[in-house]
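This report concerns only the one structure given below.
The values are calculated or read from the model by the stated rules, or taken from the named source; none is laboratory data. Note that the structure is predicted; figures quoted are calculated from it, not measured. As a convention, Cβ positions derive from the backbone with ideal geometry for all residues, glycine included, and neighbour counts pool all protein chains shown. Note: accessible area is taken over every heavy atom of the protein model, side chains too, but ligands, DNA and RNA are not part of it. Shrake-Rupley method; radii C 1.70, N 1.55, O 1.52, S 1.80 Å.
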Amino acid sequence: MRIVVVGGGVLGTMHAWHAVQRGHEVVHLEREAEARGASVRNFGLVWVSGRAEGPELATALRARQLWEEIGARVPGVGFRGNGSLTLCRTEAELEVAEAALATASAATRGWRLLSPAETRAVNPALRGSFLGALHCALDGAVESRVALPAVRAALTASDRYTWLPGREVRTVSPGVVDDHGETHDGDQVVLATGAALSGLVRELAPALPVRRVWLQMAQTEPLGEPLTTSVADADSFRYYPAYDAAPLAGQPQPPVAAEHAMQLLMVQRLDGGLTIGDTHAYAEPFPFDQLEAPYDHVTQVASELLGRPLPRIVRRWHGVYAQCLDPAAVAHRSQVRPGVWLVTGPGGRGMTCSPAIAEQTAEELAW
């Protein structure tokens with residue numbers, strides 16, 4: 001079978017991966033010279049801990065397994081099963097962590113509640129003041145800026161994979177015609193176009209139940225020591241559905257964090273720098289400029305948890321991702337023409353769940 005994949009982000013790349021692994025020929029098109037959307041503007045988190053019970057958690061668990069397998073075969077993706085710590089600095093936050101441990105899926109997620117001393121034993125770089133931490137052993141990370149080229153290089157070695165950047169698709173039929181006037185025939189087409197929801201996507205799916213979300217992030221100079229786990233502050237309890245059983249409702253959020261729907265997430269890159277963030281904006285039009293108050297907030301919180309000044313920020317950026325509005329769906333998948341499927345809207349779980357979402361597509365389409 002010959003499969004055309006449109007979209008060079010992580011979701012499109014994982015569809016190409018599964019198709020090639022199943023023995024099919026893949027033509028992979030991307031409108032930019034290299035993926036430049038949400039797939040490279042994120043933490044690289046493989047984040048199991050906060051996922052909702054049911055299909056979302058099952059998808060994340062399967063994706064975690066797949067990322068480990070892909071990382072073993074393609075070392076360039078930088079996969080590491082480093083786990084995470086969500087730090088609790090108040091009694092209200094600690095109560096949410098304790099309630100999470102009482103849920104049926106706590107053991108499945110690899111959760112345990114650590115004392116301050118136990119937390120520092122797991123991650124000695126955390127020298128700030130806190131009451132404890134929710135540890136998730138299953139969380140991991142990849143290097144989002146370099147993972148996709150590494151996967152493509154491995155696919156190219158199969159002789160069944162063709163990467164065509166700088167090609168914007170104009171029509172689908174189920175083969176596709178790009179803006180160079182070239183036709184790429186395929187038995188099936190997968191459109192994984194990320195947050196690009198206008199133009200061809202709108203023509204094919206005018207009532208798409210997907211919204212766009214805007215966020216800000218940053219990266220620092222090297223920390224100078226290992227940050228052995230990914231780190232979150234307890235504001236993450238407000239945004240991840242795994243903690244809905246005992247929501248962090250009785251504790252006011254700092255005004256800047258509330259205004260921008262913020263949490264602190266902090267991941268160390270392989271070069272020693274820290275990726276920090278993030279914010280969430282849901283109403284378009286989105287800002288075109290970077291806002292400094294959120295950076296001030298995450299810098300302060302990160303410094304307090306580390307017990308030392310945060311290294312100097314050397315990069316700032318914003319990103320936009322697509323989020324499916326159906327709470328029962330991990331992503332939106334629909335047949336928009338005979339032989340043509342649109343897969344989009346994984347939201348903030350795109351880097352985490354894409355390997356498993358693509359695997360589900362492969363199974364549904366009988367690859």
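Given the chain, what percent of its DSSP beta bridges are antiparallel, to the nearest 5?
70
Can you quote the Å³ per residue value for the convex hull of the Cα atoms in segment 186-327, rounded to an integer?
179
Quick check: the angle from helix 292-306's long axis to the longest principal axis of the chain, C-alpha only, nearest 10 degrees?
It is inclined by approximately 60 degrees.
From the Cα gyration tensor of segment 4-59, with a ≥ b ≥ c the square roots of its eigenvalues, which class applies: rounded if a/c is under 1.5, or else prolate if a/b is larger than b/c, or else oblate?
Here segment 4-59 falls in the oblate category.
Restricting the calculation to Cα positions, tell me the Rg (one decimal) and the Dmax (whole number) of segment 82-222 in Å.
Every Cα atom of segment 82-222 included, Rg and Dmax give 23.1, 63 Å.
If one takes the longest principal axis of the Cα atoms in the chain, at what angle in degrees, from 0 to 90 and to the nearest 10, does the Cα axis of helix 91-101 lie?
50
So what's the gap between the Cα centers of segment 244-296 and segment 85-121, to the nearest angstrom?
One Cα centre to the other: 21 Å.
Calculate one ³J(HN,Hα) per residue across segment 166-172 by plugging θ = phi - 60° into the Karplus curve 6.51 cos²θ - 1.76 cosθ + 1.60, and present them in order as whole Hz with x for glycine and proline.
Ordered by residue, 3J(HN,Hα) equals x, 10, 9, 6, 9, 9, 10 Hz.
Note down the Stokes-Einstein diffusion coefficient of segment 284-367 in µm²/s, whole number, using a Kirkwood radius over alpha carbon pairs, 20 °C, and 1.002 mPa s.
Rounded, D is 131 µm²/s.
Let me have the 222 nm mean residue ellipticity of the chain computed from DSSP H runs of 4+ only, each contributing -39500 (n - 2.57), with the sum over all residues rounded to the nearest 500.
Computed mean residue ellipticity for the chain: -8500 deg cm²/dmol.
Using just the alpha carbons, could you tell me how many Å³ per residue the convex hull of segment 167-243 encloses?
Enclosed volume per residue, from the Cα hull, is 227 Å³.
Shape call for segment 65-131 from the C-alpha gyration tensor, a ≥ b ≥ c root eigenvalues: rounded (a/c under 1.5), prolate (a/b greater than b/c) or oblate?
It is oblate, given that a/c is not under 1.5 and a/b is not larger than b/c.
Evaluate E = 1/(1 + (r/R0)^6) for SER173 and ALA328, where r is the Cβ-Cβ distance and R0 equals 30 Å; express this FRET efficiency to the nearest 0.05.
0.45
If you plug each phi of segment 126-134 into the Karplus form 6.51 cos²θ - 1.76 cosθ + 1.60 with θ = phi - 60°, what whole-Hz ³J(HN,Hα) values come out, in order, with x for Gly and Pro?
So the Karplus estimates, Gly and Pro as x, are 8, 10, x, 9, 7, 8, x, 8, 8 Hz.
Roughly what percent of Cα-Cα pairs across segment 1-150 reach past 29 Å?
More than 29 Å apart: 30 percent of the Cα pairs in segment 1-150.
Largest first, please: the extent of the C-alpha atoms of the chain along each principal axis, to the nearest Å.
Extents along the principal axes, in whole Å: 60, 41, 38.
Within the accessible area of segment 1-153, what % is carbon and sulfur when the probe is 1.4 Å and the other protein chains stay in place?
On segment 1-153, the fraction of accessible area on carbon and sulfur atoms equals 53 percent.
Can you give the alpha-carbon Rg of segment 236-317 over 2.2 N^0.38 Å, where N counts its residues?
My calculation over the Cα atoms of segment 236-317 gives 1.19.
Loop only per DSSP, at most 11 neighbouring Cβ atoms within 10 Å: give me the trypsin sites (Lys or Arg not before Pro) in segment 56-121, ordered by residue number.
Filter output for segment 56-121: empty list.
Using the alpha-carbon atoms, what tilt in degrees (0 to 90, nearest 10) does helix 55-73 show relative to the longest principal axis of the chain?
80
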